[in-house]
Amino acid sequence: MGQYFLRRLLIAVPSIIGISIVLFTVLALAPGDPFAELAANPNVPPEVAAGLRAQFGLDDPVHKRYFHWVASMLQGNWGFSFASRVDVDTLILQRLPVTLLIIGSSQILALMIALPVGVYAATRPYSIFDQIASTIAMAGFALPTFFTGILLILILSIQLDWLPFVYRADISSTGWRWWWDHLKQAIMPVAVLGLFQGAAWTRYVRSSVLDVIRLDYVTTARAKGLAEGVVVVKHVVRNALIPVVTLVMLQLPAVFGGAIVTEQIFRVPGIGSLLISAILANDTPVIMAVVFVLSILVILCNLVADILYGWLDPRISYR
């Protein structure tokens, strides 16, 4: 198991290097200058602007800037934000926990919806429950997150005044009230992402369970007199989850993309809103660091999927 994990980590290294090269090259060759405003300011002497460009290496060749960036990243220096005037790693560490909390909670909600609904619908195909679940799943998957987010704001915040529609990080309350306020403001962003993913995963789970439940070994398990619940849970669901895990991990970039949109709608101070602000301000160091961190998170989640394959299917060896 340890050797398998180490081998998968080593395989991920070329992917990380390739992502860093493509990311840095695209952003380095993109139009725009982070010091354009500074250069246009008549109060800033030209020699000061030139000195700042030289300090940050903006006039160096792309390959030299790339190796300098990699060396700085390995030393823990992720750059300096031109817009916020603080270190990039400080900005990311401030925003990343909020994003991971929202995304993690939404994925748990999606699994809590998709697994029971998809399995139950597959065990009773074309029943009334199956038809209703499939219709709702199709509608939930078809509606974009920005539409459902605005709809929830109109209903739960403006009309009913139950939940706040702006996520605040500076809540002044203490004790249980502090936890309750954080829970209330996280309900809508988590629901928007969770319901969208849950609708998509429900269809995948149903389709995968339908494929497995018709196989011969399932019929044999029933012929042995095993209870239907044991057959479904022990022999059907576990094997049906293998393609579902693959699809879930392949959808992770879309999950992070949806989180960026959702954070903008609810003003969540997460990594997505930081990325949008950096793009609007042409803050290249922040853009590179945020996208690179999100890419690493996707690679790590795919590593988790590889490990889950061996647990779900004993035929898959870790050798």
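Couple of notes before you dig in:
- Projected label points at residue 302 and residue 279, each 7 Å from Cα along the beta carbon direction, are separated by 2.2 nanometres.
- Taken about its Cα centre, the stretch 89-312 carries a charge dipole of about 560 debye when Lys and Arg each add +1 at the Cβ and Asp and Glu each add -1 at the Cβ.
- In the stretch 222-306, trypsin sites (Lys or Arg not before Pro) in a DSSP loop with at most 16 other beta-carbon atoms within 10 Å: 224, 267
- Residue 211-residue 22 FRET efficiency (beta carbon distance; Förster radius 51 Å; 0.05 resolution): 0.90
- Angle between the chain longest axis and helix 176-213 axis [Cα atoms, degrees, rounded to 10]: 50 degrees
- Under 5 Å, built H, 5+ apart or other chain: amide partners of residue 80: 88
- Charge tally in the Cβ shell below 14 Å around residue 119, where Lys, Arg are +1 and Asp, Glu are -1, residue 119 excluded: +2
- Cα centroid separation, the stretch 152-223 to the stretch 71-101 (Å): 29 Å
- Rounded to 10°, Cα long-axis angle of helix 284-312 versus longest principal axis of the chain: 20 degrees
- Ranked list, fewest to most other Cβ atoms within 10 Å of each Cβ, for 219, 148, 174: 174, 219, 148
- In the stretch 52-160, the chymotrypsin sites (Phe, Trp or Tyr not before Pro) that fall in loop regions by DSSP, at most 14 other Cβ within 10 Å: 126
- Footprinting exposure proxy for 204, 309, 217 (fewest neighbouring C-beta atoms within 10 Å first): 217, 309, 204
- Against the chain, whose longest principal axis is taken from its Cα atoms, helix 62-74 shows a tilt of about 70°.
- Positive-end residue of 146, 86, 226, charge dipole of the chain with Cβ unit charges: 226
- Listed values (1) 29, 22, 21; (2) 46, 23, 16; (3) 44, 27, 16, entry calculated as semi-axes √(5λ) of the Cα gyration tensor in Å: (3)
- Stretched out straight at 0.36 nm per residue, the stretch from residue 251 to residue 219 would grow longer than its current Cα-Cα span by 8.3 nm.
- Residue-span extension gain [residue 155 to residue 170] - 0.36 nm each, minus C-alpha spacing: 2.9 nm
- Estimated FRET transfer efficiency when R0 is 51 angstrom, pair residue 136-residue 85 (beta carbons, to 0.05): 0.60
- With a Förster radius of 51 Å applied to the C-beta separation of residue 238 and residue 60, the computed FRET efficiency comes to 0.40.
- Footprinting exposure proxy ranking of 209, 70, 231, fewest other C-beta atoms within 10 angstrom first, gives 70, 231, 209.
- Electrostatic dipole magnitude of the stretch 203-287 [Cβ: Lys, Arg +1; Asp, Glu -1; Cα centre; debye, to 20]: 460 debye
Rule-based calculations on the coordinates, nothing more; no lab input. This is a predicted model, so every value here is computed, not measured. Counting neighbours? That spans all protein chains shown, and the Cβs are built from the backbone with ideal geometry, glycine included.
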